[in-house]
1. If I compute solvent accessible area with a 1.4 Å probe over the protein chains, what percent of it on region 78-196 is carbon and sulfur?
2. To the nearest 10 square angstrom, how much accessible area does D630 have with a 1.4 angstrom probe?
3. Leaving out ligands, DNA and RNA, what percent of the accessible area of region 1182-1256 is carbon and sulfur, probe 1.4 Å?
4. Short version: ³J(HN,Hα) in whole Hz for each residue of region 1227-1234, in order, from phi by Karplus 6.51 cos²θ - 1.76 cosθ + 1.60 (θ = phi - 60°), x for Gly and Pro, what are they?
5. Considering only protein heavy atoms, with the full assembly of protein chains and a 1.4 angstrom probe, order E524, E723 by accessible area, largest first.
6. List the residues whose amide H sits under 5 Å from the amide H of L222, counting only those 5 or more places along or on another chain, with H placed 1.01 Å from N in the peptide plane.
7. Leaving out ligands and nucleic acids, note down the accessible area per residue over region 1224-1335 with a 1.4 angstrom probe, in whole Å².
8. With every protein chain left in place and a probe of 1.4 Å, what is the accessible surface of Y337, to the nearest 10 Å²?
Amino acid sequence: MEWFCGRSNTTDVIEDVIWNHEFTLNNACFVDLVNAAINLFYLVAASIVLIVLSCFTTLRHYFSNILLQFPGHDVRWTLSIVLWCVLLCALGEGILTDLSRDGPTQPHLYIPQALAFLNGFIFLVYYHHMEYWNRPHLVWLLLLYWILLIGGQVITLINLDYQGATGLEVLRFDIAIVLLAMYFIYAIMEFNVIRAKVRNGRFISYPDCADAVPGNLRKGNLRFVHDYTSLMSRTTFHWLNWLLKIGYKRPIEVGDLGALPEKHGDIYQYGCFLKAYEKERVRATTKGVIPSLLRTQWNAYGSDLILSATLQLVSSLLGFIAPVALGGVVTYATTLYYNLEPSHEDNASTNYYITVSSFFSNGFVLVTIMFISTTLKSLTLQYATYIQTIKGMHVRTALQNHVYEKSMRLSSWTMTSGDMTMGLITNHMSVDAISFYWWYLFINYLWTVPFQIIVLLVLLYNELGYAALIGASVFLIVVPIQLKVGGYMSAAQKQVLQNADDRLKKSNELLQGMKLLKLYGWEEIFCLAIEQVRKKEMKKMLKLGGFLIATNVISMMTSPIITLVSYAVYSFVSPFPLTPELTFSSLALFQQLIMPLFVLPMTIAFTVNAIVSGRRLERYFVAPEIEENDDGRAALCSAEQQFKEGGDLGEDEDDLLDVEGNLVQAPSRSLSNSFKYERIPPDDVDFKSNLVTNGSTTGVYGTFHRDTSVTDFERTTSHSVPENTAVMITKGSYSWDTDNPVAILSDINLVIPAAKLTMLVGLVGSGKSSILSAILGEMTTLSGRVLFNRKKNRIAYTPQTAWLQNNTFKENILFGEPFNEKRYKQVLDACALQPDIDILPAGDLTEIGEKGINLSGGQKQRVSLARCMYSNTDIIIMDDPLAALDVHVGSHVMHEGILGFVMKEQRTVILVSHQLQYLQYAHKIIVVDSGRIYRQGNLDEITNDDPQLLGEWGKSMLLQSESEKESGTEEETTELERKELLKQVSMVPGEELKFEKAGTTLIEDEESEHGSVSWRVYLAYAKAVKFPMVLAVLAIWTLQTSATVTNNFWLSAWSESGVNATLFNVTEDASDDLGYWIGGYALISTIAVILGLFGSSVQIMSALIAAKRIHIALLHNIIHAPMRFFDTTPVGRILNRFSNDTQMIDQKLMQTINRLLLIVFQVIAALVVNTVVVPMFLLFVMPVLIIYYFIQTYYIATSRELQRLDSITKSPVFAHFSETLGGLTTIRAYRHERRFRRNLFKKIDTNNIVFVFLQMVNRWLAVRLDLVGAFIVLISGLGALVMSALGNIQPSLVGLALTYSLQVSMYLNWLIRQTSELEMQMNAMERVEHYTHIPVEQYEGIYAPPPEWPDKGDVRFTDVCVRYSTDLGAVLRDVTVHFKAGEKIGVCGRTGSGKSSLALTLFRLVDTFKGSVVIDGIDISQVPLLTLRNRIAIIPQDPVLFAGTIRFNLDPLEQTADDKLWKALEIAQLKHTVSELDDQLDAEVAENGENFSLGQRQLFCLARAFLRNARILVMDEATASIDMQTDAILQEVVATSFNNVTVITIAHRVATIMDSDNILVLSDGKIVEYDTPENLLIDENSVFSSLIKGKN
């Protein structure tokens, strides 16, 4: 007792205890003893309860990563943080009061406070376990504790009143008042817990009331438990530790992350957005304006943004404490260093206890306050950032869904006219949606930056007076300059993006048409075009780099100019000299002022981007849509409708678990995919009310206001269609262009009989496909209407160009239909697909690549046909699917599939075809000519009406029937396709085939590295930059940092001279002294800025030059790669190197390296300065740095994998979107928008779960790094004060050390972020580097032939052996043949016999590993590759047109006169078509030539071949997509226009080569026959003769 009270105060208490006021309530020691006993009681009792429950009950086995929060949880934790601070303050007050008193120490002044402070932690541990174990009855001990503490504080106040220490200036009295209020609040909160948790007279917990468990927690795979942990765990993101442990041990997989809570899910968030958008649409409609996305987002997310803004405000206020406290620390250090006595107030009533002013002037207290404020600032800021991140993700998700939803209804003309290309719409989903995400991250800075600037200016004025305002006025000059530069940067960035878009468009064209370009020898032309655009892009990027340098230099020079101006003005006008406390307190404030001004331009830029993106999206959301006519079919299902239907919304549900992991519900699924289950709504939210407007049956979408109730699918109108009719068009006129309605189809009146075959025939471009589009509702109706039979109107559709998904063979056929094995096998047989499937390593579970890239055109079309046949539909619409099939397979599909399988099911078939031999099977024939119906009826009726037409058909049918006979013994195209499949399978080594749940893919997996990026990649980048430049940059930045540190030491010495002048009356010439300090500071500052300018300039410019070199190397290597590379690599993957990866290297990488250099040298400078000032600092900071190292290692291992998973899971979202855009007509025809929408929900949710964990890991890191920085401030401050007390360092150096320490936390945070960012961006460099080292073709030759070569066209093959790849077998073996000049050679044979390979050999597109090919006496292997390919002409099987003009497509070098172009078009039967266009030769060709039919595109290729004027022409099934009438004309044209040319025709219809001079018959890569057709036909045993005479 004597020790507790202090010897002078315990005599009476011990020897003569009297239980009255004098010795109890009026005795401070007794009161403190009572308070100590209360705290000791709780400490022991709570510890016993926790130990007993955790060690001796069943709870010892309990483990869960979630926590069910009790009422008032967040308030309690927030209050507890305040309580900690108050109790820490009480502890400090007790210690300082004890130190300020004379005599022996009196522990009673601080022991109760120490116990209370310890109990602050014990109480939270106790409360946490009360929630964690869900044992509310433990609250009784807490309630008792708070009641006892209230009593303790009451007697404390009575005692203080007795001592006369009740003024607000007495800190102990203030603390007692605050604690009493807080204990009362805690007691009220415990009563609230009792109220909420008592039912029927007893406490409830989970075992008693299972329905108390939130629905999300019953999901067995919920890992994102942020909302189900304590507030401390949420603010520190401690709950994420499990993920970082996994990430540190092994690479993280998507399956590790589980599922998101419902309220963060794609479906729920899009529902919220739709509800808000509907509300805004109603407002906008009333006012006649476009619905505003900003208003929509405010309605949807405004409340959360307000919470985020409040937290950021608190963080900003906490951020002001440290700079202000720094001045007090320096003042205290001055008193210690110079042994100055602190002033005491001469007040008897306050001498006994320390006052508020004395307490907060203590340097050690102030350093502690700096530590706490820095920590709390970090927690509030990071939680605000968390909210902004989540809301940003929500708005990105909603916008991506809405863009997708809109695309489902876009009119076909909008897509093909160029107004909205696939690239532009994809940008809406990626760039524009992500712009809003970034804006949300910075949105609070729009108001916090002005607020911070105003407060900081007030604080600076308080420190330096008008001098601070004059210095700060520099910002008035700098900020407009920065904004102006930012505006220039934004404009330059826009120009860069425009050039990048142009470059990507040309790159995409180059890659899509690579085979054609190589055959024509045009790759260098397109490469040059890309380089020209790249040159423009680089000029704009150099301009952008210049603005970036200007921004960096302005930022670097702002701080020294402001400090120089402020301190110089203060020194001249103030009667007091510049002292350390003024200098470094104001310096810290100035430095804090820089950050808002640095963030402001970025915030403005993100805001501008969001506004621009918002306007683009607003216009897109009201773009023209397909017509929603009441035609008897089910209306397209909107998202609103799908939400109302329920049960069909999204991802498969996982088993549901209770909190303790017991299975409580598992939804079942039927085989029919029509299962229903009840979804668990998010907690505290009315799920359905947020998905759609309550009670509303009206939804609005895009430009159409329509009823979205279920009755949409049961609409009845006055019109009716006869039972025997499937579709009717009455008085129909249709156009594509909604703005310029010129009728493409006119006066269409037709009736499609139900359950019959109807065929549409006509010349190329006559309007057959347009009629199908009109039936499908894809065209704009000018007059008339389309009507369907209401009972049988479900449609299956096969487009002219087959559209396949990146899915398995089987799933492409099923297309969402339930699997029926018998029906499935029947369809495979009908489409002749079983042999193709048998080849594949995983059978029909083999994955079909992007756009069916690993299948041929015929295989894709047969899969598309199989989809139609398998579907459970009433009407099948087929747009010339037989054109892509060889005659035999086409006949098989027609007889077994269409006439057999389909017609037996009594389904209606509408078939467009040029295969006129099948007209005899049609119940109705519709002849289309120039957009009108020329004839319709059955074959007999048309025969009677137009015998001449029948005569023309007869000739064509004779040719086709002959071709059909050929196919009896010829395997033709189908077998070639199967051989190609076999090649691809053999190309992939067996052990590398991946059998995943989706099956096996024939496309090689994308190269991917795990772990950190190899040092070789950094070395490759350094080589691109050039090593001397790298060393120069490092040297310049080292000098710049040294100059900056020297400048700060100079400032320290300057301020210290002020202390000497004040304390020791040093009377030197003030003006000379001032000139010395100002001049030195200005000189060093100028040197530092100049070095910074040089450093930034050299680094940024060398990075841009390196980016140029890297792109050139990539482009040149890609265009020179062999065709095998393009056959096995998806175009999207290659294009990604030219888009995302190149942009990363161009812009992001240079900025990241620039920031990283600045940060690294600043951290080094801070550590060096602190070590110089306090050598012991290094000893104490080393453990902190070790912790920092482990944190960053821990973080980077997880972050790296999450970044990669984010990229991996993001790709399927955009791939699905692009896939949907490519197949919109098919999806809409099948009415499968629900299923595709569900797929999008799944893919976005998968990406979002990765994305949100990645962002949470970033927050986890930021909190810990800020805590490390706060500890560095604490260590630096305490160490400097101790050293100053010992007289070892001057006060100015204390200020300097603390100023640097305050910056360290920010720099350490940015250091890891930039390091991680650099590594992720280096992944782009890694991928590009890989593509710059792929093998290339041998373009150089050893002999340059004369310009007129070949002048004859004589071709000689000698022992030629050819293969497609070094790891594949030969496809041509020992071929020896001589084609004489001017001969017409027909090449035929079985598929896989080597016909196409022979043609490709002439162009060296395949590997000729033996023998020679000699043209006009010159071995082609010695000729430069481009020379060879430019001297030979080819009409390829797959026609390709490029975006641009018709002139460009015919003559990209623009070397041909117009009359020759017109002549070529006339020969190709295109003169009439082109002359009718507005701009004729300068008319624009759409992307992929979509504004021309497939047949017309083939004719353009013929015109190209004529213009080449080559002596050798190769025709590879050049007329497959042309009607027979046009084909006959072209055969005659070729015979006359190319009479002096050696023509090699690869025949798939032998009838087309009957007029050849010689026929070459191949089999298994060898020549079996070579002679004239007449001689071969004479020999009845010849293979050629058997082909002509053979029967099926």
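1. On the way: 3420 of 4500 Å².
C and S fraction of accessible area: 76 percent.
2. Number for this one is 40 Å².
3. Numbers: 1440 of 2270 Å².
In region 1182-1256, the share of accessible area belonging to carbon and sulfur is 63 percent.
4. Coupling constants for region 1227-1234: 4, 5, 4, 6, 6, 9, 4, 4 Hz.
5. Working: E524 65, E723 125 Å².
So the residues, ranked largest to smallest area, are E723, E524.
6. A259
7. Averaged over the residues of region 1224-1335, the accessible area is 25 Å².
8. For Y337, solvent-accessible area is about 60 Å².
The values are calculated or read from the model by the stated rules, or taken from the named source; none is laboratory data. Keep in mind that what you see is a predicted model, and the values were worked out from it rather than measured. In this analysis, Cβ positions are derived from the backbone assuming ideal geometry, glycine residues included, and neighbour counts consider all displayed protein chains. Accessible surface areas use protein heavy atoms only, side chains included; no ligands, DNA or RNA. Shrake-Rupley method; radii C 1.70, N 1.55, O 1.52, S 1.80 Å.
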